[in-house]
Amino acid sequence: MTGLLGKTSLEKYFKNSVSTLNKGFLLHIGIDGFKMINEKYGWDYGDYILRETASCILSCISDSQKVYKIASDEFIILDTTSSDMTTASNLYDHICKHINQFIEENNFAAVFTISAGILPLPDLSQTGYAEIIKRTDFSLTMAKQHGRNCCYIFREEEYQNFLRIREITNELHSAVNHDFRGFSIFFQPIIDIRQDKLTGAEVLIRFTSKKFAQISPAEFIPLLETSGLIIPIGRWLIREAITACRKIRMQLPDFKVNINVSQVQITNSDVITDLIKEMNASGLPHTAIVIELTESILLEKNEKAQNFLKELKQAGLQLALDDFGTGYSNFHYLSELHPDIVKIDRGFTSKAITDKKEYYLLNQFSNMIHNLGLKLCIEGIETEDELQKMKLLKPDYCQGFYWGQPCLYDEFRKYFVDVKR
């Protein structure tokens, strides 16, 4: 098509001119769901859509702008005259109007949209072609992730965060492939508040990166879930937790470990079988394990989630409803989910400490939990005053930094197991 240049031409331009650029932008355009057009209408019709899309783009550009086709359904517009991002976004809107007009004139035979990433050029004058393309690819990807049919203006901070996530994910893969190097499990004590003694521990996973040092679980656990790595990591954590529990029960026969399970594990693996296999191999009774799940996971109306609950009960494993006081937190769910223990989130606890109405609600909730024959665990206790106030609610168990930060196995043994109480 006249006026449409190729990817090689764009590469050549930047190799020759990038050091002299002092203004301009790239508008990276992609057709949303183009693969579905090919699958539904065939490749010939897909080629027709590509030609018409290119025609719409070419009809909207000025004499100082150039259009390059860099992939089957992707185009880049180069403008070296304006650094005004409003000009770029207005150009995108103009192209969208022309495409909508084409769709209407074509009797809506195929309805589609376009997304676009906008990359300002002045700050990239010393950046090579490959890096420029990576940034435009990122910008287009972000536009599609934001819901498609929109444009996204490149932001360096978000791009660096994207690179960080990619590097961390690569490290997580490497760690799994090298005997879980960099992963460790920490233990947070759970106190039987009525007897003032240790009854168990919640097992928490931690990860230390070679490049970024200690990474927050709030950052790396979602990456484990989206990558599927939570499944092998979960199996490793189960083995480690059960081994530790078996050793501690030699001194504290009733000691239990609480293990968190994610939606991905429930949906894509047989986590109950994994648990039972490890417990049988260790000789640990099923009563030594408490599975912690958030209510949002348990309320998924799918067959695997329902089967998980059924198998959990059949195996004789206890269920703790975690983070109550956040998310859904509907009292009616307690009758649907049949947990053994309800854990009050720190956010709920902190409100109850400072607000009379919240404290009243927590007190009423505590009474209801006990009337239902369930156990109550209050999380997030950090001071003596908080402990005394929460004791008045008569919880069964408590957790929090008041007793100590989560720690490695040897430290946990030293300060919580080997000491005389």
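The values are calculated or read from the model by the stated rules, or taken from the named source; none is laboratory data. Since the model is a prediction, treat every value here as computed from it, not as a measurement. Neighbour counts are summed over all protein chains in view; Cβ atoms, including those assigned to glycine, are modelled from backbone coordinates with ideal geometry. Only protein heavy atoms, including side chains, enter the accessible area calculation; ligands, DNA and RNA are left aside. Shrake-Rupley method; radii C 1.70, N 1.55, O 1.52, S 1.80 Å.
The spacing between the stretch 91-115 and the stretch 30-86, judged by their C-alpha centroids, is 11 Å. Surface composition of the chain: carbon and sulfur make up 50 percent of the accessible area, probe 1.4 Å. Past 24 Å, Cα to Cα, is the threshold; run K12/K211; K357/K391; K343/K391 against it and keep the listed order. Listed pairs above 24 Å: K12/K211. Per-residue Karplus couplings for the stretch 241-254, computed as 6.51 cos²θ - 1.76 cosθ + 1.60 with θ equal to phi - 60°, are listed in order as 5, 5, 4, 5, 4, 4, 5, 5, 5, 5, 9, 10, x, 9 Hz, Gly and Pro entered as x.
For H286 and A130, the difference between the fully extended length at 0.36 nm per residue and the C-alpha to C-alpha distance is 50.6 nm. Once both labels are positioned 7 Å from their Cα atoms along Cα-to-Cβ, the gap between R155 and E104 label points is 3.4 nm.
Divide the volume of the convex hull around the Cα atoms of the stretch 78-236 by the residue count and you get 220 Å³ per residue. Taking other residues whose beta carbon is less than 15 angstrom from the beta carbon of L284, and scoring Lys, Arg as +1 and Asp, Glu as -1, yields +2.
Our coupling estimate for the stretch 158-173, obtained by passing each phi through the Karplus curve with A = 6.51, B = -1.76, C = 1.60 and θ = phi - 60°, is 5, 5, 5, 5, 4, 5, 4, 4, 5, 5, 5, 4, 5, 5, 4, 4 Hz, Gly and Pro reported as x.
All other residues whose Cβ lies under 11 angstrom from that of D254 are scored, Lys and Arg at +1 and Asp and Glu at -1, for a net of +2.
The alpha carbon gyration tensor of the stretch 211-287 gives principal lengths a ≥ b ≥ c with a/c of 1.5 or higher and a/b no greater than b/c, which makes the shape oblate.
Take every DSSP beta bridge with both residues inside the chain and express the antiparallel ones as a percent of the total, to the nearest 5. Within the chain, antiparallel bridges account for around 55 percent of the total.
Counting only DSSP beta bridges with both residues in the stretch 1-158, what percent are antiparallel, rounded to the nearest 5?
On the way: 19 of 25 bridges.
So the antiparallel bridges in the stretch 1-158 amount to around 75 percent.
Compactness of the chain was expressed as the Cα radius of gyration divided by 2.2 N^0.38 Å, which yields 1.31.
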